[in-house]
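> Have a look at this one before I ask anything.
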Amino acid sequence: MASRTVVLAGVAAVVIAGGAYWFLYMQDDAPPPAAKPAAKAEMAPKPAAAPTTPSAPEDKLAALDRELKATQSKVGELEKTVTDLQSQIAMKNKAIAEMESKLARK
């Protein structure tokens, strides 16, 4: 039983490390998402306002906030994946234990 726990901990560590590697290094290489077609072509684009000194920090804060939310959603997805993988490992361990007990009975 102890060896299964060690294997489970090792697998969980590998999954977490792989997820962290993918998140930190591979996301920058991903292709940009496809551009969505304009919902209404008749709307004229608004002219861009020249950024002033007071609004520039606000723009940076808004961009950081968007990045933070995106990162948090990615972390949530990775945590869900880790949880799913851990439950699959638990099911496999249960199946292995049942097979070992059947083999021991013979």
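Yes/no matrix, rows are residues, columns are (1) touching a Phe, Trp or Tyr at 6+ places or on another chain (Cβ under 7 Å); (2) in a loop (DSSP other than H, G, I, E, B); (3) modelled with pLDDT under 95; (4) among the β-branched types (Val, Ile, Thr):
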{"site": "Thr5", "(1), (2), (3), (4)": "no, no, yes, yes"}
{"site": "Trp22", "(1), (2), (3), (4)": "no, no, yes, no"}
{"site": "Met26", "(1), (2), (3), (4)": "no, no, yes, no"}
{"site": "Ala34", "(1), (2), (3), (4)": "no, yes, yes, no"}
{"site": "Ala41", "(1), (2), (3), (4)": "no, yes, yes, no"}
{"site": "Ala50", "(1), (2), (3), (4)": "no, yes, yes, no"}
{"site": "Ala63", "(1), (2), (3), (4)": "no, no, yes, no"}
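> Of everything in segment 61-71, what is closer than 15 Å to Leu24 by Cβ and either of a type outside the set (Ser, Thr, Tyr) or exposed (fewer than 10 other Cβ atoms within 10 Å of the Cβ) (or both)? Give them in sequence order. Don't jump to the end; show me each part of the working.
Of the residues in segment 61-71, the ones closer than 15 Å to Leu24 by Cβ are 67, 70-71.
Answer for segment 61-71, where residues must be closer than 15 Å to Leu24 by Cβ and either of a type outside the set (Ser, Thr, Tyr) or exposed (fewer than 10 other Cβ atoms within 10 Å of the Cβ) (or both): Glu67, Ala70.
> A further question follows. Quick one: what pairs do we get from segment 68-89, first residue of a type in the set (Lys, Arg), second in a helix (DSSP H, G or I), C-beta under 8 Å, 6+ apart or different chains?
That search, which allows pairs on different chains as well, returns Lys74/Phe23; Lys74/Gln27.
> Would you mind telling me which numbered condition in (1) exposed (fewer than 10 other Cβ atoms within 10 Å of the Cβ); (2) modelled with pLDDT of 85 or more Gln88 fails?
(1)
> On the given criteria, is Lys80 surrounded by 10 or more Cβ atoms within 10 Å (Cβ to Cβ), closer than 19 Å to Ile16 by Cα and under 29 Å from the mean Cα position of the chain (by Cα)?
Numbers: surrounded by 10 or more Cβ atoms within 10 Å (Cβ to Cβ): yes; closer than 19 Å to Ile16 by Cα: yes; under 29 Å from the mean Cα position of the chain (by Cα): yes.
So Lys80 passes the test.
The values are calculated or read from the model by the stated rules, or taken from the named source; none is laboratory data. Treat the numbers as computed from the prediction; the structure is a model and nothing was measured. A quick note on method: Cβ atoms are made from the backbone with ideal geometry, for glycine too, and the neighbour counts reach across all protein chains shown.
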